[in-house]
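Novice: For reference, the structure I am asking about is given below.
What follows is calculated from the coordinates using simple rules that are stated; it is not laboratory data. Since this is a predicted model, take the numbers as computed values, not measurements. No Cβ is skipped: glycine too gets one built from the backbone with ideal geometry, and neighbour counts run over all protein chains shown.
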Amino acid sequence: MIEFSQRLRALPGYPLAHLPAIKRRLIDEGMDVIDVGAGDNDAPPPAIAVETLRDGLADPSLSKYGFQQGLPAYRRACVAWLERRYGHRFDPVAETLPLIGSKEGLSHLPAALVNPGDVVLVPEPGYQAYIGGALLSGGTPHILPLRREDDFLVHLDRLPADLLGRTRLAYLNYPNNPTAAVADQAYLERTVATCRRHDILLAYDNAYCDLTYDGYQAPSIFDVEGAREVALEFFSLSKSYSMTGWRLGFVVGRKELVGALQTVKSYVDTGPFLALQKAGAAVLEHADEIVEPIRVELQRRRDAAIAALAEQGVTLAPPKAAMYLWVPLPEGVASAHFAKIALERFGALVLPGSAFGPAGEGYYRIALTVPVDRLREAIARLGKALEAARDEPVAARA
Ligand SMILES: Cc1ncc(COP(=O)(O)O)c(C=O)c1O
């Protein structure tokens, strides 16, 4: 019998893994399913990305291995975007690295840092790539629960010194998925100071930095003085430009840290397709004009969804960023049970809070990925699902 590794067996179930199959079955059975589950916006990819990729396909030199160096123009576009956006300068050759989506870099990073038993700090609820990367590298994830009473911030400076002493890597993600929380400069300064004191690499996941509302601007970790010593910042083209399936992102940081990830990656992949990198460069050069209409539409959806929830007696402060509403459930309604009823009986696909780890229990996530009328319809269905979930006997809960 083939036996699988302890690392594989330690992985929690991946929350999105079984949903596409259930959704497909329900659609095949004739159900109208509204999918506000995955963070995959309905906007098409930018025209300039499509055109540049199409041209790139006709250029045989872009069909070669990209290796980790990738397309120099993409590296230049990444650091130029960062400088325009945040005023931080990085070297395009040594201090950035193309990624096959930011998930790829985030999950491979522990292999560069973690020895068996070393601690990796993982916020929960949170993006599954963090715990996955920690476990697959033989590290020991230490879960940091995000709580509403702390504004969904994790406070590294309040952790015991012996735990911090055993920690090699900390993941941090603001604007946050799934809670949509944001972090201010003072908080980031405290966090960076703690990481510097304990030699902890801070993996700052800034996948949602462009999706901000009401004039809010999401910071870069490099806004904090001294952050270059300990931080890598991960960016994604997926959310800002509606390019989730293209698999393109990049990481920025000082040479030694980027270089360590590059070494890992040279053994497991050969970099993103060069024609894609060319398309990514074109997008980054026009980033502001591309992202603005996406941001405006997401804000409209956010407001419509919040109003629809308020009609059901659920009041939420409008999040300043990301593309999610993190909605509390009434006491006693298990999130997986609610999400199952919502999908199978009412055709509304949301992610239960528990899908982001046990600390996500008591909530569910709505992604603002469908037009306003569909979002309102989804929320009406969720209201009915909630009534049904409340009426179910406890024993029936999943
Ligand atoms: C917090 C967070 N980080 C990273 C990613 C991954 O993005 P990418 O498509 O660049 O791999 C996601 C995707 O959902 C995310 O929510």
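Novice: Given labels modelled 7 Å from the Cα in the Cβ direction, how far is it in nm from residue 76 to residue 185?
Specialist: Computed distance between label sites residue 76 and residue 185 equals 3.3 nm.
Novice: Would you look at the GNM of the chain, springs on alpha carbons closer than 10 Å, and say which of 201, 298, 159 moves the most?
Specialist: 159
Novice: Roughly how many Å is it from the Cα centre of the range 307-361 to that of the range 73-93, as a whole number?
Specialist: Value for the Cα centre distance between the two parts: 38 Å.
Novice: Turning to a different aspect of this structure: Could you please state, rounded to a whole Å, how far the C-alpha centre of the range 115-142 is from the C-alpha centre of the range 240-292?
Specialist: What the calculation gives is 23 Å, centre to centre.
Novice: Sequence-distant or interchain residues sharing an amide H contact under 5 Å with residue 124, placed H: which?
Specialist: Under 5 Å from the amide H of residue 124 lie the amide H atoms of 144, 146, each far enough along the sequence or on another chain.
Novice: Would you mind telling me which residue in 170, 49, 307 has the biggest mean-square fluctuation in a Gaussian network model of the chain, where springs connect alpha carbons within a distance under 10 angstrom?
Specialist: 307
Novice: Could I ask something else about it? Using DSSP to define loop residues, name the GluC sites (Glu not before Pro) in the range 289-366 whose beta-carbon has at most 10 other beta-carbon atoms within 10 Å.
Specialist: 331
Novice: From Cα pairs below 8 angstrom and at least 6 apart in sequence, can you work out the relative contact order of the range 1-160, rounded to a whole percent?
Specialist: Answer for the range 1-160 is 18 percent.
Novice: Using mean Cβ contacts within 10 Å as the protection proxy, how do 139-146, 37-44 order, highest first?
Specialist: The packing order, highest mean first, is 139-146, 37-44.
Novice: Report the full-extension gain for the segment residue 22 to residue 69: residue separation times 0.36 nm, less the Cα-Cα distance, to one decimal in nm.
Specialist: Length gained, residue 22 through residue 69: 12.9 nm.
Novice: What nm value, rounded to one decimal, do you get for the distance between residue 151 and residue 199 when each label is placed 7 Å out toward the C-beta?
Specialist: Inter-label distance under the simple model: 3.3 nm.
Novice: Moving on. Summing +1 for each Lys or Arg and -1 for each Asp or Glu, what net charge is found among the other residues whose Cβ lies under 12 Å from the Cβ of residue 33?
Specialist: 0
Novice: Only loop residues by DSSP count here, and only those with at most 16 other Cβ atoms within 10 Å; note down the chymotrypsin sites (Phe, Trp or Tyr not before Pro) in the range 190-226 that meet that.
Specialist: 216
Novice: Whats the longest run of the chain with zero trypsin sites (Lys or Arg not before Pro) that are DSSP loop and have at most 16 other Cβ atoms within 10 Å?
Specialist: 167-396
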